[in-house]
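S.K.: Following this message is one structure expressed as structure tokens.
Please treat every number below as a calculation from the coordinates, not as lab data. Everything quoted here is computed from the prediction, not taken from an experiment. Note that we place each Cβ from the backbone using ideal geometry, even for glycine, and neighbour counts take in every protein chain shown.
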Amino acid sequence: MSYTNLPVFEQGCILIVVTLTLFAYFFCLEWTFSLGRSIIHILSAVFMTVLCFGLFQFLIMIQQGDYVPDYPVPMVVILPLMLVLLLYVLLLQYRIRRWRKEHLSAVSVKEAFDRLPAGLLFYTPSGLPVMVNETMREAGHSLFAEMPTDACLFWEKLRGIDLSGGEDGDSVIVAFPDERIFNIRRRELKMKGSTVYELTALDVSREYELTKELQRRRDKAGVLNSRLKALMNTIEYVSMNRELLQLKTALHDNIGQSILIAKRYLYAPGSVDKKRMLDFWRDNIRHLTKDEPEEWELPYYVISKEADRLGVSLNILGDLPEEAKLIPVVDAAISVHIGNTLKHADGTEATIIVKKAGKDYILCFTNNGRQPEGEIREQGGLLNLRREVESIGGRMELAWQPAFEMKLVLPGEEQ
């Protein structure tokens, strides 16, 4: 039986199979060229594609009546030829798939580039994009509703919405409309003597949230630390007050006993040792009339003990003010100075030079730590100290060159 004698339906089915086989050959031929296969593979693929195309043309011309062969073409020739073409194209596809799994090609690199979860964009200094993957395209559409066709302008727009405040000129933190946070960095690369810029976009949503949570906890810890410092300063005062109360109680008991002994002496003089009674009364009177304060009652005793406890040597040159209104301010200034010496300067010695200018006190605070890198920003303890100094009519000056110095001018009382 020949192909021309077949019914039209069967001729159409054979033609469809040949057409699909031809499309498969075109696909395999394209991949053979793009993957850079050997010349033998390329020539064999071209030959079989041309053969399949010739069979397709022959059958379709017969189907449409454009060509009537002089001799009938038997099916025993067409069917084996179709089978050979079909088996060979399947073999080609198998070889291509196997070669793609075992080798790297420009196509596989481009596919991996596009499927990266991180955004990538390479562009020239003029802003012309060289390679852009899908993630970076989506970023451009999500942020600015357009493709990053001008990479330089795209980078400037990103810097305009930077959440980090421009701390790093080659890195920005950008919030996407879907609440994701991306860190986009720029690098300058040298390739074959030419300059190329690379933009990488990494999803740092989790890290950003953890950083914010850490900052919140640090702020909370700072507040708790301030409260603890205030509590530590208060504990020693409480301990001293408790000791003072105990002394007052003991003195009260001693006076009570003296009165009882004196009362007994009045009723029965022979029952009480007169000399012992007088000595007892003299001791009590001496405690009541003593003007010299105890060590713990002296001003700045607590803050000096705190400095010793923190490992800071406190050097005071001159006499600190002892006016009632100045003691709390000077005490706070010494506390702030000790804290800053440890925290910011890594120092071990805090020096305070006290001078008198008329009725005013001039206190200069220095340390042996490292010099500040820039102008000092007043915050926390320094800011609160300035408010306390100005509230009593004094003034505060800070200097960071050639070395750190805090100067307080406090108004003393008229003599």
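S.K.: Say R0 is 41 Å: what FRET efficiency, to the nearest 0.05, do SER205 and ARG309 get from their beta-carbon distance?
M.R.: 0.40
S.K.: Here's another thing I want to ask about it. Which peptide among 329-342, 362-375 comes first, and what is the full order, when sorted by highest mean count of other Cβ atoms within 10 Å?
M.R.: Ranked from most to least packed, the peptides come out as 329-342, 362-375.
S.K.: So if I restrict to the alpha-carbon atoms in the stretch 109-206, what is the Rg, and what is Dmax, the biggest pairwise distance, in Å?
M.R.: 12.8, 40
S.K.: Taking Rh as the Kirkwood radius, which is the inverse of the mean 1/r over Cα pairs, what is the Rg/Rh value for the stretch 375-415?
M.R.: In the stretch 375-415, Rg relative to Rh is 1.05.
S.K.: Count the net charge of all other residues whose Cβ sits under 13 Å from the Cβ of ARG386, scoring Lys and Arg as +1 and Asp and Glu as -1.
M.R.: 0
S.K.: If you build the convex hull over the alpha carbons only and average its shadow over all orientations, what do you get for the stretch 314-358? Give it in nm² to one decimal.
M.R.: Averaging across all directions leaves 3.4 nm² for the Cα convex hull.
S.K.: If you don't mind, there's one more thing I want to ask. Principal axes first, then extents: for the Cα atoms of the stretch 115-158, list largest minus smallest coordinate on each axis, whole Å, largest first.
M.R.: 26, 19, 13
S.K.: Between MET147 and ARG95, how many nm apart are label points set 7 Å from Cα along the C-beta direction?
M.R.: Placing both labels 7 Å along Cα→Cβ, they lie 3.6 nm apart.
S.K.: Follow-up. Suppose the chain between ILE42 and LEU6 were pulled fully straight at 0.36 nm per residue; how much longer would it get relative to their current alpha carbon spacing?
M.R.: 9.4 nm
S.K.: Among the listed pairs LYS220/LYS407; LYS305/LYS343; LYS101/LYS190; LYS343/LYS407, give every one whose C-alpha distance is greater than 25 Å.
M.R.: The answer is LYS220/LYS407; LYS101/LYS190.
S.K.: Arranged by the count of other C-beta atoms within 10 angstrom, fewest first, what order do GLU179, GLU10 take?
M.R.: Least crowded to most crowded, the residues run GLU179, GLU10.
S.K.: What is the local net charge at HIS337, summed over the other residues whose Cβ is closer than 13 Å to its Cβ (Lys, Arg +1; Asp, Glu -1)?
M.R.: Result for the neighbourhood of HIS337: -2.
S.K.: At q = 0.21, 0.23 Å⁻¹, what log₁₀ I(q)/I(0) does a Debye calculation on the Cα points of the stretch 298-411 give, no solvent, two decimals?
M.R.: -1.25, -1.49
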